[in-house]
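This report refers to the structure that appears directly beneath it.
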Number of protein chains: 2
Amino acid sequence: MNNTYSIGIDIGGTNTDIGLVSADGRCVARKNLPTRQYFDADLYVSDICKKITEMMDEQHVDTIDGIGIAAPMGNYYTGCIDNATNLNFRGVTDLNALVHKHLDIPVTVSNDANAAAYGELVYGGAKGMKSFITFTLGTGVGSGIVIDGKLVHGKTGNAGELGHAILIPSGRLCGCGRKGCLETYTSATGIRYTALELLEKRPQYHGVLAQIPKDELTSKHVGDAAKEGDPLALEIFEMTGNWLGIAMANAVAFSSPEAIFLMGGPVKAGEVLLKPLRESFKKHLCFVYDGSVEIKVSELPDNDAAILGAAALTKAAR
Amino acid sequence: MNNTYSIGIDIGGTNTDIGLVSADGRCVARKNLPTRQYFDADLYVSDICKKITEMMDEQHVDTIDGIGIAAPMGNYYTGCIDNATNLNFRGVTDLNALVHKHLDIPVTVSNDANAAAYGELVYGGAKGMKSFITFTLGTGVGSGIVIDGKLVHGKTGNAGELGHAILIPSGRLCGCGRKGCLETYTSATGIRYTALELLEKRPQYHGVLAQIPKDELTSKHVGDAAKEGDPLALEIFEMTGNWLGIAMANAVAFSSPEAIFLMGGPVKAGEVLLKPLRESFKKHLCFVYDGSVEIKVSELPDNDAAILGAAALTKAAR
């Protein structure tokens, strides 16, 4: 048995979760910090390092093989956060250098979508796979691409932004300023948008989604309604699954992976999303790939997925 | 100076070109065979090997470091041609085994689009690059993807079929049976189709393209007319460049390459295609990649490009 532990840190706009992860992928302890209350990166990282030391003491762990940090705009090549819009410390934050003021442990930084892919590779359903792609459905759509057992970072470090591949030219306006990006259709936000569009088009519908004030309606409401058989909610997931199936078929034409993993809130809707998704994927997949790709749901436990992904970065093949 | 030579073989439906390639990427001798006249793969490969031996004798070359073969449906993993529809020997043709009946030289097989990418990497404009993508515009649209200095083959060996990524959901019918594939819009065939569509829509147009019988009209006519400033031809290339720019921006969101290389007949149209293409690429590229990717035209000499690509397969990193 390997007794090595790693630290996984998931930096979100509101909270920072810090976890101690065993070699077999269990998060054995965790602590957190209120990200939003920090305006000084130096103090913020100093407090993170204190929490790590406390956690090691409490758990009687002497050595840590690495610290993996998943952060918005986290740059794998530089170890920095580059101008994240939802953090109070702006500009470039050199996490790697700041951690090393306090701890002599290797640090690996990446964005959360890439960390999710490594989490699946090291601790989840992609163990032993050479080639796979993950799609994380959240506020946006994140993705991570593994080829030959390594995450693809590309020239910029920003490879694998499939949420910003254009699905429908001249389609819905995206937060990035362009039109028709995948994430405007299949993120939680995109699902909400589809719901509002359909509610507008179907004044004769008086089901459960029509009862929710429009500014409160979320993709979770749609998921819950679909599970209860609500026809409008089912139609929304038919559309979402169809779009996602096209995007996944296109991704296969790129790297011909062994599997595609799905994660994130809307995936909890289950078969109401997965069934139309699989149908669309099959219909839109080029015949040369028939039968070569599995569509799977992430095998990481929901609560620990982000920490495990971050911890997995420490195992990243360079 | 490296005195090693390689053999590059380009198998087309009509002709098979066999070239002797020096280490510095010159095709110093070539021979060919009429592919269509062979119904027996054994005899066909035996004749190829005879030509190779003749060529080595004539050029006083003793050693060959490898034979690279670019073939329709050429499979990198197995060294076979898998059920190519445009060859008279059907089923699976084990090129690797057949060559080894006659010559004891390592054989590497791949499809022509992948060979083109290796040609660019080993002998062309991508020398020294780690990450790039090629688009070959021909009857279809072929592509090759290089990441970390290696061509991406994927689980099936068929990675990099970007001509069959869906650009416009429910768009033009493709030969593969699906709708909206990139190649229905931006191949030579796609350009011809766009021309016929526009001619139909513009009865008031009486320019040079209207004078050509519809069943004789080709993308080359459109290219020549565009260079002369014909407004309909220019509009066709505006549309083609726009579509290709979207597809390239989407490819960047996948692997964040250093460059994208364009090759094939329609690229000879030059700026009438490249200008709208660059504009569309810039418009559709996600901001995180701004300024990180060059769009370039292949630097391989037209006449030898296919042979050089095939020969480059012998240098393929495994």
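Structure above, values below:
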{"read-out": "Cα-projected label distance for A:Tyr193 with B:Lys214, points at 7 Å along beta-carbon direction, nm", "value": "3.9 nm"}
{"read-out": "Radius 10 Å from Cβ of B:Ala71, net charge of other residues (Lys, Arg +1; Asp, Glu -1)", "value": "-3"}
{"read-out": "Normalised convex hull volume, chain B, alpha-carbon set, Å³ per residue", "value": "144 Å³"}
{"read-out": "Reachable aspartates and glutamates, given that their alpha-carbon falls under 14 Å from the alpha-carbon of B:Lys31 and they are not under 8 places away in the same chain", "value": "B:Asp10, B:Asp17, B:Asp47, B:Glu54, B:Asp57, B:Glu58, B:Asp304"}
{"read-out": "FRET efficiency, B:Lys101 to A:Asn86 (Cβ-Cβ, R0 56 Å, nearest 0.05)", "value": "0.30"}
{"read-out": "Within 10 Å of each Cβ in B:163-175, the average number of Cβ atoms from other chains", "value": "4"}
{"read-out": "Cubic angstrom per residue, convex hull over Cα atoms of the stretch A:8-112", "value": "91 Å³"}
{"read-out": "Relative exposure of B:Thr136, B:Thr78, judged by other C-beta atoms within 10 Å (fewest first)", "value": "B:Thr78, B:Thr136"}
{"read-out": "Shielding of A:122-135 by partner chains, average beta-carbon count, 10 Å", "value": "1"}
{"read-out": "Antiparallel bridge percentage (DSSP; both residues within the protein assembly as shown; nearest 5)", "value": "60 percent"}
{"read-out": "Computed over the stretch A:128-298, Kirkwood Rh from alpha-carbon pairs, angstrom", "value": "16.4 Å"}
{"read-out": "Label-point separation in nm, B:His206 to B:Val28, each point 7 Å along Cα→Cβ", "value": "6.0 nm"}
{"read-out": "Ascending count of other beta-carbon atoms within 10 Å, so fewest first, for B:Leu173, B:Leu167", "value": "B:Leu173, B:Leu167"}
{"read-out": "Contour excess over end-to-end distance, with Cα ends at B:Tyr77 and B:Asp224 and 0.36 nm allotted per residue", "value": "48.8 nm"}
{"read-out": "Cα shape, the stretch A:237-318, gyration tensor, a/c 1.5 rule", "value": "oblate"}
{"read-out": "Pairwise FRET efficiency - A:Asp94 versus A:Gln59, Cβ, R0 = 25 Å, nearest 0.05", "value": "0.35"}
{"read-out": "Inter-chain shielding of A:148-155 (mean C-beta neighbours from other protein chains, 10 Å cut-off)", "value": "6"}
{"read-out": "Counted charge near B:Gly177, where neighbours are those whose Cβ lies closer than 15 Å (Asp, Glu -1; Lys, Arg +1)", "value": "+2"}
{"read-out": "Cα-based reach from A:Lys315 at 17 Å (exclusive), listing lysines while leaving out same-chain residues under 8 positions away", "value": "A:Lys127, A:Lys130, A:Lys150"}
{"read-out": "Stretchable slack from B:Glu271 to B:Arg36, in nm (0.36 nm times residue separation minus alpha-carbon distance)", "value": "81.0 nm"}
{"read-out": "Exposure proxy order (Cβ contacts within 10 Å, fewest to most) of A:Arg90, A:Arg172, B:Arg192", "value": "A:Arg90, A:Arg172, B:Arg192"}
{"read-out": "Helix axis angle, B:188-201 relative to chain B longest principal axis, alpha carbon, degrees", "value": "20 degrees"}
{"read-out": "Within chain A, helix-based [θ] at 222 nm, where runs of 4 or more DSSP H residues each add -39,500 (n - 2.57), nearest 500", "value": "-11000 deg cm²/dmol"}
{"read-out": "Net charge over other residues, Cβ less than 12 angstrom from the Cβ of B:Arg30 (K, R count +1; D, E count -1)", "value": "-2"}
{"read-out": "Chain A: angle of helix A:271-284 to the longest principal axis, Cα-based, in degrees nearest 10", "value": "80 degrees"}
{"read-out": "Estimated FRET transfer efficiency when R0 is 60 angstrom, pair B:Asp148-B:Lys50 (beta carbons, to 0.05)", "value": "0.95"}
{"read-out": "Rounded to 10°, Cα long-axis angle of helix A:112-123 versus longest principal axis of chain A", "value": "80 degrees"}
{"read-out": "Whole-angstrom gap from the stretch B:129-174 to the stretch B:243-318, using each part's C-alpha centre", "value": "11 Å"}
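Every read-out reported here was derived from the displayed coordinates using simple, explicitly stated rules and does not represent laboratory data. Given the structure is predicted, the values throughout are model-derived calculations rather than measurements. Neighbour counts run over all protein chains shown; Cβ positions are idealised from the backbone, glycine included.
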